[in-house]
Structure formats: C-alpha cells, structure tokens
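Asker: Right, I'll just put the structure down here and ask away after.
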Amino acid sequence: MEPRSAPADRASGEPVAPPRQRWRLVLARAADAPRLAGRELADAWETAIEATGLPLHRPAGKPRSRVAFGAPLPLGIASEGELADIFLAERVPVWRVRAALGAQLPTGWRLIDLFDVWVGGPPLAGRVVGAAYRMVLEGPVDRDALVAAARSLVEARELPRVREKGDGLVAYDLRPLLWDVEVDAVDGKPALLVRTRIHPELGSGRPEEVVAALAERVGRPIEVETVVRERVMLADDTIAR
C-alpha cells in the first residue's frame, strides 16, 4: 500500500504536513475577563497564539492556527480548569511552550498547566462529558432543606423544565443533564457543588437551571453570589482532574 500523501492547502496547492505535537492547555479565566464568545473569543485566542512565535500547525486552507476548546464557557463565569488544544508543526520542549504562552494569553486568562498529549487522539470536544461548578450563595439558607432538595434532584427519575430557545420556550428534562449536587461551604458561606453533563444530542446542563430546580423544592428563591466552573470532565477524567 502506498503511503497516504499530506492534504494540499487550497490556497497554494502545496501539501500540508500533519501536526507533530499537540499540547493540552489547562486554563483559568477571571470573572471580569472581556465578555467574548463564539467567533470573537476564537479570534482573540488565535491572535494570541500566533503572537507566541511557536511553530504552529495551520490546517489546509486556514491562514491561522486553531485553538480547540473542550466546551463553551458561559459569559461572565470564572473558570479554574478550562481545557484547550493547540497543534505544532514541530516538537517543542515544555519550558519553551510555557514561556511563549505565558506572555501572550488574552486578557483575563492565565495558564495553569499543560500536557504533551497524543497528536493522533480524538478531538478534545468529543471527549468532554461534563463540567463541575462551585456556586457560593448569598444570605442565610436552611441547610437541611437545601440538602434534602439536592438529594431529591439526584434521586428523581425526571426533572421536567422549560428553557428559552430563540424567541420561544422549549420543554426538556434536566435529569439526564445533571450528574450530582452537593451542599458545602466556602469561607463560611453556603455553597453548591454541581456537576452537570454535556451531551452531544441533549445539550448541556446549566448551573442556573439546577439552582432554579432547587429553589422550587425549597420553596424560596436561592440567590447566587459567585459561580466558578472548576473544571470540565473528560470521558476518562484524567487530565481534567
């Protein structure tokens, strides 16, 4: 069997060599980072990565390299463990990658760690199965009632709810999108530790929807002071620990 040739760049017609290295970045985002999402966020990251001087791999037909995030991060939420992949055209030592990235990340982001992972592995987004959130609550709460409500959510067979979609409302079941809810404390304040699922067909569990479901069972509003996405979880839940 003849070896498979590299795909050609549509613009130049020249063959594009496959990437030689794949770095998985563990990132944190401050709550007050610029509110960029979608294409704006992708542009900010691609511009930052291009400025590092690293030997970036550019896919065929693309003028710039891609930064592949594990899962979209809601606007205005801080994060302590986002995952993203970048691909290099040649192998580079970890110290050089760390130094190059540390000086160029978009405003409000910082590098926590990075891993040299198998370049031929499946796309990162396809391996993300959930996310863990930490929510500090405002004001005093009835802890016993909150614990009972959290248990009832986890033990429920279904949790019918309605969410906004476009200009209308869509009925859905929250239960398949909820992994776990625990009542905890952070700096003496009541807090919720929520793990939601991310499903390719059903969508993602949203932390605010879990709080709304808890409030219905408690019988009073639950006010949230801060929300942090602690990490995203992969199918094997190793790198994301």
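Asker: Can you tell me which residues in segment 159-177 are surrounded by 14 or more Cβ atoms within 10 Å (Cβ to Cβ) and either part of a strand (DSSP E or B) or not assigned by TED's automatic domain parsing to the domain that holds R206 (or both)?
Answerer: R161, R163, Y172, D173
Asker: From the list A37, A44, A48, which one is touching a Leu at 6+ places or on another chain (Cβ under 9 Å), more than 15 Å from R229 (Cβ to Cβ) and either surrounded by fewer than 18 Cβ atoms within 10 Å (Cβ to Cβ) or free of Cβ contacts under 8 Å to residues at least 40 places away in the same chain (or both)?
Answerer: Result: A48 is the single residue among A37, A44, A48 that is touching a Leu at 6+ places or on another chain (Cβ under 9 Å), more than 15 Å from R229 (Cβ to Cβ) and either surrounded by fewer than 18 Cβ atoms within 10 Å (Cβ to Cβ) or free of Cβ contacts under 8 Å to residues at least 40 places away in the same chain (or both).
Asker: Now, a different point. Looking for something surrounded by 13 or more Cβ atoms within 10 Å (Cβ to Cβ), among the hydroxyl-bearing types (S, T, Y) and in contact with a strand residue (DSSP E or B) (Cβ under 6 Å, 6 or more places away or on another chain) - is there at least one such residue anywhere in segment 59-68?
Answerer: Yes, segment 59-68 has at least one match.
Asker: Pull out all pairs, ordered by first then second residue, where Cβ-Cβ is under 8 Å, the residues are six or more apart or on different chains, the first lies in segment 131-156 and is polar (S, T, N, Q), and the second is not in a loop (DSSP other than H, G, I, E, B).
Answerer: Listed by first residue and then by second, the contacts come to S152/R217.
Asker: Of all residues in segment 192-233, how many are aliphatic (A, V, I, L, M), buried (at least 19 other Cβ atoms within 10 Å of the Cβ) and under 22 Å from the mean Cα position of the chain (by Cα)?
Answerer: 9
Asker: Exactly one of these conditions fails for S152: (1) assigned to a strand (DSSP E or B); (2) among the polar types (S, T, N, Q); (3) more than 16 Å from the chain's Cα centre (by Cα). Give me its number.
Answerer: (1)
Asker: Consider A132 carefully, then state whether it is in contact with a strand residue (DSSP E or B) (Cβ under 8 Å, 6 or more places away or on another chain), among the small types (G, A, S) and more than 18 Å from V228 (Cα to Cα).
Answerer: no
Asker: A further question on this structure: I'd like to know if segment 79-94 contains one or more residues that are under 17 Å from A37 (Cα atoms) and surrounded by fewer than 17 Cβ atoms within 10 Å (Cβ to Cβ).
Answerer: Within segment 79-94 (the criterion being under 17 Å from A37 (Cα atoms) and surrounded by fewer than 17 Cβ atoms within 10 Å (Cβ to Cβ)), the answer is no, since none of the residues qualifies.
Asker: Another question, if that's okay. Say whether the condition of being part of a strand (DSSP E or B), outside the structural domain of I112 (by TED's automatic domain parsing) and on the phi > 0 side of the Ramachandran plot is met by at least one residue in segment 214-229.
Answerer: Scanning segment 214-229 turns up no residue that is part of a strand (DSSP E or B), outside the structural domain of I112 (by TED's automatic domain parsing) and on the phi > 0 side of the Ramachandran plot.
The values are calculated or read from the model by the stated rules, or taken from the named source; none is laboratory data. These figures come from a predicted structure and were not determined experimentally. Ideal geometry is used to build each Cβ from the backbone, glycine not excepted, and the neighbour counts take in all protein chains shown.
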